Each structure stands twice: as C-alpha cells, then as structure tokens.
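Undergrad: What follows is a structure written as structure tokens; I'll ask about it next.
The values are calculated or read from the model by the stated rules, or taken from the named source; none is laboratory data. Remember, it's a predicted structure, so these values are computed and weren't measured experimentally. When we count neighbours, we look across all protein chains shown, and the Cβ atoms used for this are built from the backbone with ideal geometry, even at glycine. Calculation scope for accessible area: heavy atoms of the full protein, side chains included, ligands and nucleic acids excluded. Shrake-Rupley method; radii C 1.70, N 1.55, O 1.52, S 1.80 Å.
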Amino acid sequence: MTIGRTRSVAVTGIHGRVVDVEADVSGGLPCFTVSGMPDTACRQSPDRVKAAAVNSDLELPKQRITVNLSPASLLKQGSGFDLAIAVAALVAGGTISPELVEGVVHLGELGLDGAVRAVPGVLPAVLAAEEAGVRQVVVPVGNAAEAALVPAVEVVPVDTLAALVQRYRCLHRRGPTPPLPEVPPRLSVAPTAPDLADVVGQPEARYALEVAAAGGHHLAMIGPPGAGKTMIAERLPGLLPPLQREQALEVTAIHSVLGALPDHVLIEHPPFMAPHHGASMASIIGGGSGRVRPGAVSRAHGGVLFLDETPEFRRDVLDALRQPLESGRVHVARASEVVTYPARFQLVLAANPCPCGNNFGKGAGCVCPPQVRRHYLSRLSGPLLDRVDLRLKVLPVTRAMLAGPRGESSATVAERAQAARLRQAVRWREIGKHLNSQVPGPVLRSGPWRLGAEVSRPLDEALETGSLTLRGYDRCLRVAWTIADLDGAPRPELQHVLEARGLRESGEAA
Ligand SMILES: [Zn+2]
C-alpha cells in the first residue's frame, strides 16, 4: 500500500509553516476525509478534489482515502491545501510517482472543473518554504509573480490539475515537459503618492509634514473642513524613504494574506490607509468572522495611517490603537488562537475644531455650545494624543496664499528629510533607535543629550508654570532634535526649541 506524500504551507498571521500532506489508501467503502485540524473550507477539500479529478479525466483510488495534515496542532485554514491533497491522493493511487513530489510544496485551490485557482497568502507561504529549505513550489499561475519575489525557490506555475499531472508524467519518463503557462509580467509601479507642490500656501503645515517625515513623528491637525487636512496627510508617504527589502516583503505579505495584490508586485513604497470613521473594530484593528484578517493598522504597516475626523471614531477603536502604537504589532485574539500582525505606522490624526466646523479664527460662524466644543476635542485627548509629537492648527487657504509662489516638490523635501534621518540613525545607533520620535524622554533629558540651560529655558519655564506637562516637554525635545537635524545643526539651539514649541502649541486644543 502506497502512502502519497507531499507538502503545503499553513499561514497564520503573516507567518507560514510547512505542512506534511499524507494520503493513505486502505480497503473499505469509498470515502475521502481530511484530518489534522482543518477548518471548514479545508475539510470540504475532498469534494473539490473529487470533482476536479473527474473533470480532468484522472482516477482517484476507489477505496478509503485518508489525508492527514501534520503537525496536527496547527490550524489549516482555507482551500489552498486542495492541490497538495489532490497530488498526495494521486500518488497514493499510482498516478504520480512519489519521488517527484515528496519535497515539493503545492499551493492552490481547485475549481470543480480542475482549474487551479489563486489563493491568498502565497508570498508568506513561499517565504516559509524557503526557510524550511524547500527547493520547489507549485503555485497557481495567478500567484506566480508574487511567489517569484522569493528568489531562492523555483516556482512552477500551473493553471489546471490535468496540466500538472501531465508534467509529472513527462518528468517520470524523463521526456520533455509541456510549456508552463505564461505568467503575467511583474509590473513596476511608480510611487503614486501625490506631490507636495500641489499644496497651495499652508507653509506651516508643509513644514510640519517635513518634520514629521524626517523624525517619524505622529501628527495631529485641527482645522475646519476645506482647510486641506486630507490633502496634506496624503502627501506624507511621498516624503518617506522607500521600504527596505525585508520591510517591503513584510508589507507585501500583509496584502498577500488579504488577497489584495492585484498587480502582483513587491510593495516598495510606504502605504497610505485612511479608514472611514464608521469602520468596524475588525476592519481597523483586525479580526472578522471566519479567517482572521489584518486590519487597516496592518495594511498601513511601513506607511501612514490617517484618521480623518478622529473624534467621530468609536472610542474602543481609538483605545485599541494604543497597542500597535506601543509595540508595532497587533494581537487579534480568537477562540482558539491569537494571531499577530505587524502594525508599525506613522499616525496622522485630523479633527474639525468643533462639530459644526466653524470654530476657527474668531469663531464667528460656530453654532456649537461651549460645552459641546470642549467635549468634542476632548475625545482627541488622552493616551492617544500623548503619542503625537506634532499638533498643528490648519486654517483655510487665504486669497493672499493663492497668489504666493508654488511650494517645493515632494522630491526636494524628501531629500532633506532623508538626510536628517541619516543623522538620527548614526546618533541613536548606540541606544538601538533610528528616529528622534523613538527616543525616550529620560535619554533626551540627561547625559550627553541634555540641552544647555540657555537652550532649554523656554521649555523649563513652561514646565515650571504648568503650561507644559513632562510628556509635552519630552515631545518638544524630540521635535527640536528633528528641526536641528533638518537644519544640519549638531545639536538643537534656542531657535530650534522655540520652533518645536510653536509646532506643538499651534494645535493645542482650545
Ligand atoms: Zn462649532
């Protein structure tokens, strides 16, 4: 009695683990089952495999087929095990020679007609295969470009079960194999982030964005509708450096798990996510019924998460942002498991000054009672705002601004921000940080990084009079370092500290 063996990959979060797929044929009534902790979709695999085999003129053993997926302790989710289960069963039935497939990873869903369909999570699966020393992966043609992002593994694209079996028959006879289906070319996309040059006027907002990009600072903007807060926020990714290869693979893996890689490209530019304030906890933080899916915080990993009209977001959603802001990851708990996704993003918050939006300047048009106004912005305060170094008041563009000169392009500003980042990386290497925004307050307030009394005087005085909290003090120090870095100064000087204080005060809640 032959046991058919091949391999596949189970993906949890964005991490895969190679799974052994074994098919055993024994006497008894025809019956085809899967064991080893399959979820519902995986348990139904035999139905798809049987139909696909029949429609591909392939014969499965007419006995009892038992497929085991191991390790059994690992949940096997989705239909992506279909191809491996079919191959193992066909080996057990003598249709495919065992030595051809034993060490090969097979991924893909089977259509009832025998077509091999694309599945989510192929990139993390192939990364896991590479790590486990697998040399060859067979993937749906629709996932082949994504799989090819992992250069150390040979990718065999297939479009039908019949074609795959034909290929194995040819390999067994050592004859020429039929040509593989054509893989759509990997598109290279230019960064699509809109340009900063399109923002008219708003010199302070433009500068705050540059500081945010240079030091990795979170940013809050308060201003009336139409002041251009969204337009400003959308331009932050274009000021950030392109993703490093490891990070790009991680970001691409998140989108792969979501099945949201339409162009099958490596995502090399920081993403921008702007979930609606009515969005559910699951869609922002992660979760959902059935398979756990990454939320907006993970789709923004390596890029920017923009919350427009922040006070309108659900309180529990805003509270849940604290975990990723602290640790750069998010844990989504389910009955049987905790799934972890990366979620390190730069946060941009935007809020109207009050529910009616008119409480700016002299506030003449505002119809909100004072109490309502206070309550509205208080939703922005607390632990979330504590992590936001830059707070900016954004006013509508005036006629005078429209007549002004066109501002610098994103490319010019990004170059300066990048130079400032390099300075930070060198300076903070010994404490294991890269950016000013990551440096703890006590480090900035003591030892070699402590500023001279003359330089820090405005902050010291504000702290003494209580107009600045200690957290606020630390935020000003971080921003002052970034401003000095942008200026090419070795350390912050008085003017940098004053500018930092200005960037924070201008958006202080009224
Ligand atoms: Zn109002």
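Undergrad: Only one of these is away from the ligand (no atom under 16 Å from the Cβ) and out of contact with any strand residue (DSSP E or B) (no Cβ under 8 Å at 6 or more places or on another chain): LEU347, LEU402. Name it.
TA: Numbers: LEU347 fails: out of contact with any strand residue (DSSP E or B) (no Cβ under 8 Å at 6 or more places or on another chain).
Testing whether each residue is away from the ligand (no atom under 16 Å from the Cβ) and out of contact with any strand residue (DSSP E or B) (no Cβ under 8 Å at 6 or more places or on another chain) leaves just LEU402.
Undergrad: Pairs please, first residue from segment 365-385 and over 20 Å from MET221 (Cβ atoms) and near the ligand (Cβ under 8 Å from one of its atoms), second anywhere and open to solvent by 30 Å² or more (accessible area, probe 1.4 Å) and part of a loop (DSSP other than H, G, I, E, B), Cβ atoms under 6 Å, 6+ apart in sequence or on different chains.
TA: Every condition considered, the pairs that remain are VAL367/CYS356.
Undergrad: Still on this structure: Does ALA248 satisfy being surrounded by 13 or more Cβ atoms within 10 Å (Cβ to Cβ) and out of contact with any helix residue (DSSP H, G or I) (no Cβ under 8 Å at 6 or more places or on another chain)?
TA: On the way: surrounded by 13 or more Cβ atoms within 10 Å (Cβ to Cβ): yes; out of contact with any helix residue (DSSP H, G or I) (no Cβ under 8 Å at 6 or more places or on another chain): yes.
Judged against the criteria, ALA248 is a match.
Undergrad: Right, here's the next one. Please work out which residue is farthest from the chain's Cα centre (by Cα), limiting yourself to segment 102-115 and to residues that are assigned to a strand (DSSP E or B) and over 20 Å from LEU149 (Cα atoms).
TA: Step one: filter segment 102-115 for residues assigned to a strand (DSSP E or B), giving 105-106, 109-110, 115.
Still in the list and also over 20 Å from LEU149 (Cα atoms): 109-110, 115.
Numbers: GLU109: 25, LEU110: 29, ALA115: 31 Å.
Within segment 102-115, the match that is farthest from the chain's Cα centre (by Cα) is ALA115.
Undergrad: Read through the list (1) in a helix (DSSP H, G or I); (2) in contact (Cβ under 8 Å) with a residue 12 or more places away in the chain, then give the number of the only condition that GLU246 fails.
TA: Only one criterion is unmet by GLU246, namely (2).
Undergrad: GLU408 - would you say it is open to solvent by 40 Å² or more (accessible area, probe 1.4 Å), without any contact (Cβ under 8 Å) to a residue 12 or more places away in the chain, assigned by TED's automatic domain parsing to the domain that holds ALA220 and more than 16 Å from the ligand (Cβ to nearest atom)?
TA: Details: open to solvent by 40 Å² or more (accessible area, probe 1.4 Å): yes; without any contact (Cβ under 8 Å) to a residue 12 or more places away in the chain: no; assigned by TED's automatic domain parsing to the domain that holds ALA220: yes; more than 16 Å from the ligand (Cβ to nearest atom): yes.
In short, no.
Undergrad: If you go through segment 327-344 one residue at a time, do you hit one that is open to solvent by less than 20 Å² (accessible area, probe 1.4 Å) and within 12 Å of the ligand (Cβ to nearest atom)?
TA: Residues of segment 327-344 that are open to solvent by less than 20 Å² (accessible area, probe 1.4 Å), as a first pass: 328, 330, 332, 339, 341-343.
Subset that is within 12 Å of the ligand (Cβ to nearest atom): none.
No, every residue in segment 327-344 fails to be open to solvent by less than 20 Å² (accessible area, probe 1.4 Å) and within 12 Å of the ligand (Cβ to nearest atom).
Undergrad: Please specify each residue of segment 17-66 satisfying the condition of being touching a Leu at 6+ places or on another chain (Cβ under 7 Å), surrounded by fewer than 18 Cβ atoms within 10 Å (Cβ to Cβ) and assigned to a loop (DSSP other than H, G, I, E, B).
TA: Listed by number, the list holds a single entry, ASP39.
Undergrad: Could I ask something else about it? Looking at VAL388, VAL397, can you tell me which residue is within 26 Å of the chain's Cα centre (by Cα), of a type in the set (A, V, I, L, M, F, W, C), closer than 26 Å to LEU240 by Cβ and not in a strand (DSSP E or B)? Walk me through how you get there before you give the answer.
TA: Values: VAL397 fails: within 26 Å of the chain's Cα centre (by Cα).
Just a single option satisfies the conditions, and that option is VAL388.
Undergrad: Moving on. Taking the condition of being within 22 Å of SER256 (Cβ to Cβ) and in contact with a helix residue (DSSP H, G or I) (Cβ under 8 Å, 6 or more places away or on another chain), how many residues in segment 330-361 meet it? Before you say what the answer is, go through the steps one by one.
TA: Narrowing segment 330-361 to residues within 22 Å of SER256 (Cβ to Cβ): 330-332, 334, 337-345.
From what is left, the residues that are in contact with a helix residue (DSSP H, G or I) (Cβ under 8 Å, 6 or more places away or on another chain) are 330-332, 341-345.
So the count comes out to 8.
Undergrad: Could you list all residues from segment 350-364 that are crowded, with 22+ Cβ neighbours inside 10 Å and either polar (S, T, N, Q) or within 9 Å of the ligand (Cβ to nearest atom) (or both)? Before the answer, list the steps.
TA: Keep residues of segment 350-364 that are crowded, with 22+ Cβ neighbours inside 10 Å, which gives 350-354, 359.
The answer is ASN352, PRO353, CYS354, ASN359.
Undergrad: Mind counting the residues in segment 267-324 that are among the polar types (S, T, N, Q) and open to solvent by less than 10 Å² (accessible area, probe 1.4 Å)? Reasoning before the result, please.
TA: Taking segment 267-324 first, the residues among the polar types (S, T, N, Q) are 280, 283, 289, 298, 310, 323.
From the residues that got through so far, the ones that are open to solvent by less than 10 Å² (accessible area, probe 1.4 Å) too are 298, 310.
So the answer is 2.
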